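Note sheet for the following structure.
The values are calculated or read from the model by the stated rules, or taken from the named source; none is laboratory data. Computed from a predicted model, the values in this text were never measured in an experiment. Don't worry about glycine lacking a Cβ; one is built from the backbone with ideal geometry, like all the others, and counts go over all protein chains shown. Protein only, heavy atoms only, side chains kept; ligands, DNA and RNA dropped before computing areas. Shrake-Rupley method; radii C 1.70, N 1.55, O 1.52, S 1.80 Å.
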Amino acid sequence: MTASQYMRSTALASLLFTACVGAVAQTQTQTYEPTVGQEGKDVVWVPTPQALVDKMLDMAKLTPNDYVIDLGSGDGRTVITAAKRGARAHGIEYNPDMVELSKRNATKEGVNGKATFERADLFKSDFSKANVITMFLLPDINIKLRPQILNMRPGTRVVSNSFTMGDWNADETASVGEGCSSWCTAYLWIVPAKVGGTWKLPQGELTLKQEFQMLSGTLHADGKNVPLRDARMRGNEIVFTAGGVQYRGTVNGAKMEGSSRNGAWSASRG
């Protein structure tokens with residue numbers, strides 16, 4: 001064998017070896033299959049049943065105008081389902097293999113333009129631009145994330161598979177039966193506007209104490225302090241009863257406006 005023949009033979013062998021390694025690597029990537037119960041950074045992976053994914057997005061009243069972020073997006077099914085409904089959706093997942101699997105799944109479903117994924121740590125991620133949050137995490141993780149969630153825009157919808165957020169009671173709870181045998185309950189929270197404090201009304205003063213979406217306090221008018229009943233927030237919407245009259249209104253920063261059977265009412269922060 002001449003030197004030139006040897007060099008050509010060596011180059012060919014090198015190319016074949018590289019191609020084989022690439023093919024094997026691609027095959028391994030393409031055939032990656034997650035295992036239920038596999039360890040993750042913060043939780044083990046258990047997929048949300050598709051029936052509950054659908055219910056969670058129904059509870060959030062998802063529209064094509066929404067931006068969904070799924071915290072711990074796993075195989076991408078919640079993000080992909082949201083994208084198929086027309087919403088922009090983004091998944092945050094720590095396992096790089098799951099991220100790549102999710103991207104392939106989104107491509108297969110034809111929504112890779114609306115469904116995006118990134119490898120990231122939940123506790124180092126900014127998800128404040130979302131107006132819908134979905135998650136299937138453990139209660140202690142939910143509670144760690146709670147302060148960040150409560151600082152999101154009022155009206156942001158948060159839906160969790162199976163696990164609550166401590167003493168922040170859910171606004172709605174729903175379960176599915178058909179198509180779901182385990183992990184079949186969803187909880188919805190609406191991030192409330194922060195209204196605790198004193199508000200000035202033309203006819204008096206409204207004092208509010210707030211614990212998550214629940215309110216208590218008094219309405220001071222005509223020289224009388226009237227305790228509030230059935231007072232709560234739902235996003236930017238406020239409702240309370242004082243002296244047998246129900247008041248409904250909308251909070252916009254330092255102002256609220258609404259109506260009651262006595263007519264329109266308004267208040268501003270004192």
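Table for the structure above
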| quantity | calculated |
| --- | --- |
| Set ASN236, ASN131: member being out of contact with any helix residue (DSSP H, G or I) (no Cβ under 9 Å at 6 or more places or on another chain), among the polar types (S, T, N, Q), within 21 Å of GLY263 (Cα to Cα) and crowded, with 19+ Cβ neighbours inside 10 Å | ASN236 |
| Positions within the stretch 115-143 being in contact with a Leu (Cβ under 9 Å, 6 or more places away or on another chain), more than 21 Å from SER182 (Cα to Cα) and of a type outside the set (Phe, Trp, Tyr), in sequence order | LEU122, SER125, VAL132, ILE133 |
| Conditions (1) of a type outside the set (A, V, I, L, M); (2) open to solvent by less than 40 Å² (accessible area, probe 1.4 Å); (3) under 18 Å from ALA87 (Cα atoms): number failed by TRP168 | (3) |
| Residue within the stretch 176-184 that is open to solvent by less than 80 Å² (accessible area, probe 1.4 Å), assigned to a strand (DSSP E or B) and modelled with pLDDT of 95 or more present | no |
| Test: TYR187 is touching a residue at least 24 places away in the same chain (Cβ under 8 Å), aromatic (Phe, Trp, Tyr) and surrounded by 14 or more Cβ atoms within 10 Å (Cβ to Cβ) | yes |
| Filtered residues of the stretch 57-67 (kept if in a loop (DSSP other than H, G, I, E, B), of a type outside the set (Asp, Glu) and either open to solvent by 40 Å² or more (accessible area, probe 1.4 Å) or farther than 21 Å from SER175 by Cα (or both)) | LYS61, THR63, PRO64, ASN65 |
| Within the stretch 84-104, tally of residues that are touching a strand residue (DSSP E or B) at 6+ places or on another chain (Cβ under 7 Å), among the basic types (Lys, Arg) and under 22 Å from SER128 (Cα atoms) | 1 |
| Of the criteria (1) part of a helix (DSSP H, G or I); (2) farther than 29 Å from TRP168 by Cα; (3) open to solvent by less than 40 Å² (accessible area, probe 1.4 Å), which one GLU100 fails | (3) |
| Members of the stretch 137-165 that are open to solvent by 40 Å² or more (accessible area, probe 1.4 Å) and part of a loop (DSSP other than H, G, I, E, B) | LEU138, ASN151, ARG153, PRO154, PHE163, THR164 |
| Enumeration of residues in the stretch 222-268 that are among the basic types (Lys, Arg) and modelled with pLDDT of 95 or more | ARG229, ARG232, ARG234, ARG248, LYS255, ARG261 |
| Matching residues, the stretch 246-267, being part of a strand (DSSP E or B), more than 24 Å from LEU188 (Cβ to Cβ) and open to solvent by 10 Å² or more (accessible area, probe 1.4 Å) | TYR247, LYS255, GLU257, SER259, SER260, GLY263, ALA264, TRP265, SER266 |
| Of all residues in the stretch 79-96 being part of a loop (DSSP other than H, G, I, E, B) and either out of contact with any helix residue (DSSP H, G or I) (no Cβ under 8 Å at 6 or more places or on another chain) or more than 22 Å from ALA51 (Cβ to Cβ) (or both), the one that is least open to solvent (accessible area, probe 1.4 Å) | ALA87 |
| Selection within the stretch 30-41 - open to solvent by 40 Å² or more (accessible area, probe 1.4 Å) and modelled with pLDDT of 90 or more | TYR32, GLU33 |
| Of all residues in the stretch 198-223 being touching a residue at least 12 places away in the same chain (Cβ under 8 Å), farther than 21 Å from ARG146 by Cβ and open to solvent by 60 Å² or more (accessible area, probe 1.4 Å), the one that is farthest from the chain's Cα centre (by Cα) | ASP222 |
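This table checks each residue for (1) modelled with pLDDT of 95 or more; (2) open to solvent by less than 50 Å² (accessible area, probe 1.4 Å); (3) assigned to a strand (DSSP E or B); (4) within 21 Å of ALA170 (Cα to Cα).
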{"position": "VAL43", "(1), (2), (3), (4)": "no, yes, no, no"}
{"position": "VAL46", "(1), (2), (3), (4)": "no, yes, no, no"}
{"position": "ALA51", "(1), (2), (3), (4)": "yes, yes, no, yes"}
{"position": "LYS55", "(1), (2), (3), (4)": "yes, no, no, yes"}
{"position": "ILE69", "(1), (2), (3), (4)": "yes, yes, yes, yes"}
{"position": "ASP75", "(1), (2), (3), (4)": "yes, yes, no, no"}
